[in-house]
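The values are calculated or read from the model by the stated rules, or taken from the named source; none is laboratory data. Predicted model, so just to flag it, every value in this text is computed and none were measured. Virtual Cβ from ideal backbone geometry, glycine too; neighbours counted across all protein chains shown. Remember, those area values only see protein heavy atoms, side chains included, never the ligands or the DNA or RNA. Shrake-Rupley method; radii C 1.70, N 1.55, O 1.52, S 1.80 Å.
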Amino acid sequence: MASSKDYLQFVLEQLSELNDISYRAMMGEYILYYRGKIVGGIYDDRLLVKPIKSAVAYMQNPLYELPYDGAKEMLLVDNIDSKGYLAGLFNAMYDELPAPKSKKKRQTI
């Protein structure tokens, strides 16, 4: 099941206290970026983030869920009604998130 644009807009509004939040649509779902780093995504109208140590420590009782069949587990963010909580979570995660991978140039023949 694909995520709705209404849910995406709700999540983006909840993240409005943060600067440089962006997203990319991918196969009916949305990948979320914070200051250029992938922090998680919206899958089946659920906000899921990477299960890194800082996120696990920030969340009191983290729940692990699969974004889709065959994927690695991610953390379900169930407190999306609190803008402050979301801002704190994303800020806590930022330093631990991997830097974006550089895109390789395609060779032409």
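Rounded to the nearest Hz, the phi-derived 3J(HN,Hα) couplings of segment 15-25 under the Karplus curve 6.51 cos²θ - 1.76 cosθ + 1.60 (θ = phi - 60°) are 8, 5, 6, 9, 8, 6, 8, 9, 8, 9, 6, where x marks glycine and proline. The phi torsions of segment 49-62, fed into the Karplus equation with coefficients 6.51, -1.76 and 1.60 and a -60° offset, translate into couplings of 10, 4, x, 8, 4, 5, 6, 4, 5, 6, 7, 6, 10, x Hz, rounded to whole numbers, with Gly and Pro shown as x.
Our summary gives the chain a relative contact order of 25 percent, counting only alpha carbon pairs under 8 angstrom and 6 or more residues apart. On the beta carbon distance between Ser82 and Lys104, with R0 = 30 Å, the FRET formula returns roughly 0.15.
Could you work out how far helix 83-94 tilts from the main Cα principal axis of the chain, as a 0 to 90 degree angle to the nearest 10? Once rounded, one gets 50 degrees.
Using helices alone, what [θ] at 222 nm do you get for the chain, with -39,500 (n - 2.57) per DSSP H run of 4 or more residues, divided over all residues and rounded to the nearest 500? The partial results should precede the final answer.
Details: 3 runs with 28 residues, N = 109.
That comes out to -7500 deg cm²/dmol.
Once all protein chains are placed together, Asp6 keeps about 120 Å² accessible to a 1.4 angstrom probe. When the charge dipole of the chain is built from unit charges on Cβ atoms (+1 for Lys and Arg, -1 for Asp and Glu) and taken about the Cα centre, the candidate among Met59, Ile80, Tyr23 whose Cα reaches farthest toward its positive end is Tyr23. If a spin label sat at a point 7 angstrom from the Cα of Asp45 along the line to its beta carbon, the backbone N atoms of segment 11-25 nearer than 18 Å would be those of 11-14. What label, among (1) 5.6; (2) 6.5; (3) 8.1, belongs to mean projected area of the Cα convex hull in nm² computed from the structure on display? Comparing each candidate, only (3) matches the computed number. Placing dummy labels 7 Å off each Cα toward the beta-carbon, the span from Asn19 to Asp95 is 1.9 nm.
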